[in-house]
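What follows is a set of notes on a single structure, which appears directly below.
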Amino acid sequence: MKVCKFGGTSVATAKQIKKVAAILQADPSRKIAVVSAPGKRHSDDTKVTDLLIILAERTLMGQDAEEQLQSVLTRYRDIAADLALGNDVLSLIEEDLRSRLDGDMEDPVLFMDTLKASGEDNNAKLIAAYLQSIGTEAVYISPLEAGLLVNERPKRVQALPEGEALLARLADQPGIVVFPGFFGFTQDGTLRTFNRGGSDITGSLLAAAIGADLYENFTDVDSVFVANPAVIDKPCGIHTLTYREMRELSYAGFSVFHDEALRPAFLKSIPVCIKNTNNPEAPGTMIVKERDCGTRPVVGIAADDGFTTLFVDKYLMNIEIGFGRRLLQILEDEEIPFEHTPSGIDNMSVIIRESFLTPEAEARILERVMEELEADDAYFRKGYSMVVLVGERMRDTVGLTARAADAIRKAGVSIQMINQGSTEVSLVFGVHKQDETGVLRALYEEFFASEAVHT
Ligand code: ASP
């Protein structure tokens, strides 16, 4: 049995949904189709999820939002008309959206979640109706009915293991199960969404629950590329990756697959294949436990911006027992996760994603660091990017860091931070944001450009 997930561009128009139907019909082992909300139809289009966010925001502010509601409905109306579906589905969608808008606004986050989730929920209903209309046995199943359980507020949304046995029952459903991605329900029935792009997580959870032979993740590219094609001209595609390699690449900006989505598949050793809805014959990129790494040490290079560094300086920090723990405790109290902690003998830097910080939180942190830890100095610096080299074979390769550093030197860039984990699957260079593209190009040149072969 296979679980297939179709991303936003794969379900953005009737034409795309027809391709999805053909993919499902072509292989009877494709048992579950997890679908996103309609995504962009062209590069300057707006995703339905983003339209829904605007709709929810206006409603929360007490403003008239009929126009925004109509723009969401128009997207479904166009799709339904081109798929020759009757008015019933559309009436259901409109009724559903209006009742969500009339819902409880006491907790704005939960109200927003309910609106956002409608994008996938209504699209799943529409796609199931289309499959039925062309004579394919298919049924829409909601995460509530199926038992996709998630934790309570205020913690980050994560699936609860208790849901797995319930989800396993999906395997016994006759026909194709069409399942909306992106959200689940708490034990008391409250809807919560995963973070953006979270339909990948839903697909992985279902694949793990039913013990699928393969999790196929359909998107709009033939494979995962060794570097961002928006920056590097025609980078080569990747044939096979390990779970760890994919995790490292998604962490640092490979948006083709959500970085939280691998874990359920990984725990059950379910292979994942990234495929193209527009070219399903292409083999795609396989993500597996182990691979033959060949001779090439680096499998991909990722880069991501939006990092801030908290610098803390204190004379004799190295002999002060518990300093690091107390510093991280201050971040924990603010519910801020950290990414890296490069340190010297008398200083420590903590690298944090900018999105977790607010000016108020920064001020509180600095005050506590200066007072409670009696630091000599502490300050935040924004505007860093992390450029990450990834590859299982890096650990056995002598001189790899020297090659990378030399390539960065040739690009005339000063490295702000280097981090090499003990497992050596990745090598991270922290640079100023304005240097990110230059460094990415220099590293691509060094490790890939001269040998344009598939990894
Ligand atoms: N529609 C949601 C988003 O745009 C979730 C997804 O597509 O995976 O983030």
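Taken together, the criteria place Gly39 among residues that are within 15 Å of the ligand (Cβ to nearest atom) and either assigned to a loop (DSSP other than H, G, I, E, B) or open to solvent by 60 Å² or more (accessible area, probe 1.4 Å) (or both). Within the range 256-265, if we keep just the residues that are open to solvent by less than 40 Å² (accessible area, probe 1.4 Å) and part of a loop (DSSP other than H, G, I, E, B), the residue that is farthest from Val150 (Cα to Cα) turns out to be Val256.
Looking only at helices (runs of 4 or more DSSP H) that lie completely in the range 157-255, which have at least 2 residues being open to solvent by less than 20 Å² (accessible area, probe 1.4 Å) and touching a helix residue (DSSP H, G or I) at 6+ places or on another chain (Cβ under 7 Å)? Output list reads 199-210, 243-251. Out of the residues in the range 42-54 that are more than 9 Å from the ligand (Cβ to nearest atom) and not in a helix (DSSP H, G or I), which is least open to solvent (accessible area, probe 1.4 Å)? Applying the filter and picking the extreme gives Asp45. Flag: Ile365 does not match the condition of being touching a residue at least 60 places away in the same chain (Cβ under 8 Å) and either part of a helix (DSSP H, G or I) or within 30 Å of Val299 (Cβ to Cβ) (or both). Count of the range 79-93 residues, restricted to those that are buried (at least 18 other Cβ atoms within 10 Å of the Cβ) and more than 16 Å from the ligand (Cβ to nearest atom), is 5.
Taking the range 1-28 as the range and being of a type outside the set (A, V, I, L, M, F, W, C), assigned to a loop (DSSP other than H, G, I, E, B) and either open to solvent by 40 Å² or more (accessible area, probe 1.4 Å) or within 23 Å of Ala84 (Cβ to Cβ) (or both) as the test, the residues that pass are Thr13, Pro28. Residues of the range 63-78 that are open to solvent by less than 70 Å² (accessible area, probe 1.4 Å) and either hydroxyl-bearing (Ser, Thr, Tyr) or part of a loop (DSSP other than H, G, I, E, B) (or both): Ala65, Ser71, Thr74, Tyr76.
The values are calculated or read from the model by the stated rules, or taken from the named source; none is laboratory data. In this text the structure is predicted, and so the values were computed from the model without any measurement. Virtual Cβ from ideal backbone geometry, glycine too; neighbours counted across all protein chains shown. With ligands, DNA and RNA removed, areas are computed over all heavy atoms of the protein, side chains included. Shrake-Rupley method; radii C 1.70, N 1.55, O 1.52, S 1.80 Å.
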